[in-house]
Every structure is written in C-alpha cells, then in structure tokens.
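The values are calculated or read from the model by the stated rules, or taken from the named source; none is laboratory data. None of these values were measured; they are calculated from a predicted model. Quick reminder, even Gly has a Cβ in these numbers, built from the backbone with ideal geometry, and neighbours come from all protein chains shown. Areas reflect the complete protein model, heavy atoms only, side chains present, ligands, DNA and RNA absent. Shrake-Rupley method; radii C 1.70, N 1.55, O 1.52, S 1.80 Å.
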Amino acid sequence: SLLGELQTRTGHTHDAIATFREVIDLRPDALTEVRARMGLANALRIVDRYDEALAALERAESILAGLGRPDLLAQLWTLRGNIHFPRSELEECLAAHEQGLAFARLAKSPVDEARALGGLGDARYQRGHMRTARDHFARCVEEARAQGAVGLALSHAPMLALTRAYCGELRQAMADCE
C-alpha cells in the first residue's frame, strides 16, 4: 500500500492502480484492505475513472462499518466528495464533504477536518457561494498550517486567494498569493 501511495504521489498512477489491486488480491486484513481500496479509489479518480473509484469506496465503507474508525470514514467521505466534484454532482459533492467533516470532528482529527473544510469550500465555490467558500478555505488553510500539513494548506491557498478576490478583499488575496 505504501508503494501504491508513493506511485500515486510521483505521477505513476497506472502503476499505483496495479499495485493497489495486487494488495487487495492478497486478501489482507480488513484495515489494510480499506487503505488499499481508498488508495485505489484515489488513483482511479486521478485518471477520471470515477465509477470504479466510487465502487472501491463503497466496498471500503462496507468493511469500515464494523471497525469503528471515524478517522478513516472522514478520509473516505472527503475522497468521495472529491470524486463527485469534477462530475458536477453538486448535491453529492456537498453531502459527502459534510459527512467527511462530521466524521473528522468525531475522530477529533484536525487535519481531516481541514481536508473536509477544503472540500466544502470547493463544493460552495462550485455553487457560486463565494463568501461561504472563502470562509471554508480560510479555516482549511489556517488549520492545515497549524497542524503542519503544508501540502494541504498549499493546495487550498490559491482558492482562498481567488474567493477573497471575488469578495473584494484584494489585499488579503494578494497576501495569500505571496
């Protein structure tokens, strides 16, 4: 699973898909299978194979049902929202990120909460709710920075700047860009 994650992060997405499928075929323990299926879903999302990605998440969620892991459920639901976003499935995207936020709070996981807030920002942006999107992005970036999740903060900072610009907050938007 670690190899699959590294392959995904380094742009070897098709290799990652094969690696995650191999992990699943090995019939690992439940937790390893969940992580492999979530990694598979993420890699499939990157190559626009959304139906397969959602199917992988459905199977992971069914396994998670008995594990009592709200942290993993937070990650799963946020990933689900990220799959619905490019498909312009507005209701599903928003609902998934809201569910991700609820599980992140249940897990008391600030990084997962920041990740879900970023997804909610995307969902609100997608609907044209710029002030609400800005607020979600601001909380996401602030919490991600506070937790040392630099990559997460950097991935949402441009959207924070953009939504601040839409809201007429040009100085703050420029500061975010810097």
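Is it the case that some residue within the stretch 100-117 is open to solvent by 60 Å² or more (accessible area, probe 1.4 Å), farther than 15 Å from Thr78 by Cα, of a type outside the set (Phe, Trp, Tyr) and assigned to a helix (DSSP H, G or I)? No - not one qualifying residue is present in the stretch 100-117. Scanning the stretch 148-178 for residues that are touching a residue at least 40 places away in the same chain (Cβ under 8 Å) and either loosely packed, with under 12 Cβ neighbours inside 10 Å or over 16 Å from the mean Cα position of the chain (by Cα) (or both) gives a single hit, Thr163.
Do we find that Ala95 is open to solvent by 20 Å² or more (accessible area, probe 1.4 Å), at pLDDT 95 or above and not hydroxyl-bearing (Ser, Thr, Tyr) in this structure? Judged against the criteria, Ala95 is a match.
Here are Arg145, Arg131: which of them is open to solvent by 70 Å² or more (accessible area, probe 1.4 Å) and either closer than 16 Å to Glu113 by Cβ or polar (S, T, N, Q) (or both)?
Within the list Arg145, Arg131, the selection yields Arg145.
Taken over the stretch 1-38, the criterion of being within 17 Å of the chain's Cα centre (by Cα), open to solvent by 80 Å² or more (accessible area, probe 1.4 Å) and β-branched (Val, Ile, Thr) is satisfied by no residue. Can you find a residue that is among the aliphatic types (A, V, I, L, M) and within 17 Å of Leu152 (Cβ to Cβ) anywhere in the stretch 81-100? Looking through the stretch 81-100, none of the residues is among the aliphatic types (A, V, I, L, M) and within 17 Å of Leu152 (Cβ to Cβ). In the stretch 148-157 there is at least one residue that is among the small types (Gly, Ala, Ser) and farther than 30 Å from Glu61 by Cβ.
Scanning the stretch 39-59 for residues that are part of a helix (DSSP H, G or I) and open to solvent by 20 Å² or more (accessible area, probe 1.4 Å) yields a count of 10. Under the condition of being open to solvent by 10 Å² or more (accessible area, probe 1.4 Å), closer than 22 Å to Asp25 by Cα and either touching a Gly at 6+ places or on another chain (Cβ under 7 Å) or assigned to a helix (DSSP H, G or I) (or both), the residues counted in the stretch 60-82 number 3.
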